[in-house]
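Let me begin by presenting the structure, written as structure tokens, before commenting on it.
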Amino acid sequence: MSIINLLFGGSASFGRPLVLRKFEVNQKGDPLIDITGRQSGIVAWALVAMGLDAETTLTVTRTTLTFKSSSFFGTTYNTVPLSMICSTHAGYTKSAPLLIFGLFLTIFGLPTIILSLVGIVMLIAYWLSKQLTIYVETTGGMIIGLSFKRSVIENVKVDIDQALKTTHLINRLVLYSQSRKSD
């Protein structure tokens, strides 16, 4: 956890947040949940556009949760039976320093137009800085999840309500899977 997060109350994330390419929840289909993201930046976008699989996916079926992380150098898969998941989590964070400095510069920079404009730009950056996180914890203590933000290029929007609905669906599937396991 960085010193900024400690000072301003942010939470730890799973590395740099991904830019969403796909966020699909289908309670009747298979997979039920399919979330795909890529690293931010024009280089990562170009690699994905060229088909060089540099994406991360979280896929949930009726029996398993699979996390796949790909880069130019390789791919890692984590697959967990739903009956082995003990908790589901969702949340979001925003950049407190952008808000604090943006408000400060906007209010106290009024005599200087340039400082006020910088403050307004920082407040807009604060509004765009929202990072959502969805993760699960397994009975063995492994934490699997994604931290992501809205995509400007792909225009995929997700809010906290959608993230919470997604974790509630995962939780229902986990409870169903665990009840079948105990029968």
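The values are calculated or read from the model by the stated rules, or taken from the named source; none is laboratory data. Predicted model, so just to flag it, every value in this text is computed and none were measured. When we count neighbours, we look across all protein chains shown, and the Cβ atoms used for this are built from the backbone with ideal geometry, even at glycine.
Annotations for the structure displayed:
- Filtering segment 129-149 for residues that are assigned to a helix (DSSP H, G or I), of a type outside the set (Val, Ile, Thr) and without any contact (Cβ under 8 Å) to a residue 60 or more places away in the chain leaves an empty set.
- Options Gly91, Gly141: the member that is within 30 Å of Ile42 (Cβ to Cβ) and of a type outside the set (A, V, I, L, M): Gly91
- Within this structure, Asp183 fails the test of being under 21 Å from the mean Cα position of the chain (by Cα) and at pLDDT below 90.
- Among the numbered conditions (1) under 19 Å from Ala163 (Cβ atoms); (2) surrounded by 15 or more Cβ atoms within 10 Å (Cβ to Cβ); (3) within 17 Å of the chain's Cα centre (by Cα), the only one that Trp127 does not meet is (2).
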